[in-house]
Amino acid sequence: MFNKIRNWRVRRIVARHPIPEPLWQAALERCAPARRLGASDQAALRVLATLFLQEKSLEPVQGLELDDADRVLLATHACVPILKLGLDWYEGWHSVIVYPDVFVPNRTQVDDAGVVHQNHTALAGEAWGRGPVILSWADVLDTGRRPGHNVVIHEMAHKLDLQNGVANGFPPLHRRMDGRVWTKVFSSAWNHLRDEHRKGIHLPIDPYGLENPAEFFAVVSEQFFEEPKALREHLPEVYRQLELFYRQQPY
Ligand SMILES: [Zn+2]
């Protein structure tokens, strides 16, 4: 019964707010992971993007304006990771705040000794527990120009990771997946890359992934969708776990 109501609702939204064909084609043109999909997966992604645009609020700030094509592009990137998971995985938050460029979050942090620090780091994106996703539009547009990078997929991976509490590189796994294998594969890959990085060896992923397990998961997720061949070559076991988690075989 619930499924029937839901399917009816989905059909109604898609019928009332269809993504116009030229905007959809333009989004595919600029989103490599979506472009690589087969026709039926692209159709499913288009439905998800339509629902995403209805359910989430895209909020440009600081004078930025997003037209319909921009919004469709953002939704298309955002729905790639949940193509086989469903929009329920993005439950519990509503807003995507979009800055024109990198932004400096205005917040203070109190360390263990009680000292208050002002954080001045410029960010391309940020994902809060049950709060918004924050993105730099310049970095969204940069996607594809820097191989393996996709700031939208990065922040959405954090959102998936956060679905079971804290961001720790351990999202809720599917029933047939083994958490011990996940932990072992990710921690041994992380340790291995950290050692190589210390020796000055060029890494197959963005070294930012070595910041902590949450960033590692987000960075390899970007690579999984943007440069799947390279990830599979360099970190085959990580690739396999991501294949099981995202239920996709991008390569
Ligand atoms: Zn991150």
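The values are calculated or read from the model by the stated rules, or taken from the named source; none is laboratory data. All values reported here derive from a predicted model rather than from experimental measurement. Cβ coordinates were reconstructed from backbone atoms using ideal geometry, including for glycine residues, and neighbour counts include every protein chain displayed. Calculation scope for accessible area: heavy atoms of the full protein, side chains included, ligands and nucleic acids excluded. Shrake-Rupley method; radii C 1.70, N 1.55, O 1.52, S 1.80 Å.
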**Q.** Hits in region 200-251 (condition: hydroxyl-bearing (S, T, Y), within 19 Å of C31 (Cα to Cα), buried (at least 16 other Cβ atoms within 10 Å of the Cβ) and away from the ligand (no atom under 16 Å from the Cβ))
**A.** Y246
Q. Among the residues of region 157-173, which ones are of a type outside the set (A, V, I, L, M), open to solvent by less than 30 Å² (accessible area, probe 1.4 Å) and more than 11 Å from the ligand (Cβ to nearest atom)?
A. P171
(Q) On the basis of being under 16 Å from the mean Cα position of the chain (by Cα), more than 25 Å from S95 (Cα to Cα) and either open to solvent by 30 Å² or more (accessible area, probe 1.4 Å) or hydrophobic (A, V, I, L, M, F, W, C) (or both), does P147 make the cut? (A) yes
Q) Out of all the residues in region 17-25, is one or more open to solvent by less than 60 Å² (accessible area, probe 1.4 Å) and within 24 Å of H149 (Cβ to Cβ)? A) yes
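Every residue, every condition in (1) over 16 Å from the mean Cα position of the chain (by Cα); (2) among the hydrophobic types (A, V, I, L, M, F, W, C), yes or no:
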{"residue": "F170", "(1), (2)": "no, yes"}
{"residue": "M177", "(1), (2)": "yes, yes"}
{"residue": "V185", "(1), (2)": "yes, yes"}
{"residue": "A189", "(1), (2)": "yes, yes"}
{"residue": "P204", "(1), (2)": "yes, no"}
{"residue": "H234", "(1), (2)": "yes, no"}
(Q) Restricting to region 119-156, give me the number of residues that are assigned to a loop (DSSP other than H, G, I, E, B), over 16 Å from I82 (Cβ atoms) and within 15 Å of the ligand (Cβ to nearest atom). (A) 10
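For R176, state whether it is at pLDDT 95 or above and either part of a helix (DSSP H, G or I) or open to solvent by 70 Å² or more (accessible area, probe 1.4 Å) (or both).
no
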**Q.** Wholly enclosed helices (runs of 4 or more DSSP H) of region 1-96 bearing at least 2 residues under 20 Å from the mean Cα position of the chain (by Cα)
**A.** 21-30, 32-35, 39-55, 68-79
Q: Check region 140-148 and report whether any residue there is touching a strand residue (DSSP E or B) at 6+ places or on another chain (Cβ under 8 Å) and either more than 26 Å from R6 (Cβ to Cβ) or modelled with pLDDT under 95 (or both).
A: yes
**Q.** Residue within region 181-193 that is at pLDDT 95 or above, aliphatic (A, V, I, L, M) and under 30 Å from D67 (Cα atoms) present
**A.** no
Q) Only one of (1) modelled with pLDDT of 95 or more; (2) under 13 Å from W137 (Cα atoms); (3) crowded, with 17+ Cβ neighbours inside 10 Å is not met by G63, so which one is it? A) (3)
